[in-house]
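The values are calculated or read from the model by the stated rules, or taken from the named source; none is laboratory data. Model, not experiment: these values are computed from the prediction. Glycine also receives a Cβ, built like all others from the backbone with ideal geometry; neighbour counts cover every protein chain displayed. Side chains are part of the model used for accessible areas, which takes the heavy atoms of the whole protein and leaves out ligands, DNA and RNA. Shrake-Rupley method; radii C 1.70, N 1.55, O 1.52, S 1.80 Å.
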Amino acid sequence: PRHGVRRQRQMCIRDSLLAVARQESLFDPRARSFANARGLMQLIHPTAERVARRVGLNEPSTSDLYDPALNIELAGHHLASLLVRYDGRRPLAAAAYNAGERRVDRWIKDVPGQWMDVWIEGIPFRETRNYVKNVMAFTQVYGQRRGSPRPMLEAHETRVP
């Protein structure tokens, strides 16, 4: 049973990584944003450095972020830590991936128990609001393609903590 839960989590992270890559870069490993986010997963250099230190990897240079394997590895660690931070609530992790944990922490502080869909609609940044919706939708698509459909929101994700 534990093995099944672990595999399910890994598939959830995999689907989420695919969804983030689709939303962030349209799967272009050479993508670069106006904010200097780089690569498939659009990591900014300070985030990549912080994640690398935390997981015991060499700190990457900015050009290293164009290496798909490294970019995905760092983003995977980052996304997994966000999922842990937000108790597996994918919409909160996606919002934090896009706008940062401090902002998401502020946005949820005063609305404990709020329905997640209402919270998503209330995200003050249109870009982040649309980002979360798209990542959730793409996660559905990749789960379906893998033959493992999931509900849009799992039971534990329906409310803000």
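For the stretch 106-161, what class follows from the C-alpha gyration tensor (a ≥ b ≥ c being the square roots of its eigenvalues): rounded when a/c is under 1.5, otherwise prolate if a/b is larger than b/c, else oblate?
oblate
Length gain on complete extension for the stretch Ser61 to Trp115, per 0.36 nm per residue less the alpha carbon to alpha carbon distance? Please list the in-between numbers first.
Working: separation 54, 0.36 × 54 = 19.44 nm, distance 4.06 nm.
Roughly 15.4 nm would be gained on extension.
In whole percent, how big is the carbon plus sulfur part of the accessible area of the stretch 35-113, probe 1.4 Å, protein atoms only?
Numbers: 1790 of 3650 Å².
Carbon and sulfur atoms account for 49 percent of the accessible area of the stretch 35-113.
Roughly how many nanometres apart are two label points built 7 Å out from the Cα toward the Cβ at Arg102 and Gln8?
For the pair Arg102/Gln8, the computed spacing is 3.6 nm.
Here are labelled values, (1) 1.24; (2) 1.30; (3) 1.01, and one is the computed Cα Rg over 2.2 N^0.38 Å for what I pasted. Which one?
Entry (3).
Could you give the longest part of the chain that holds none of the chymotrypsin sites (Phe, Trp or Tyr not before Pro) found in DSSP loops with at most 15 neighbouring Cβ atoms within 10 Å?
Maximal segment without exposed cleavage sites: 35-124.
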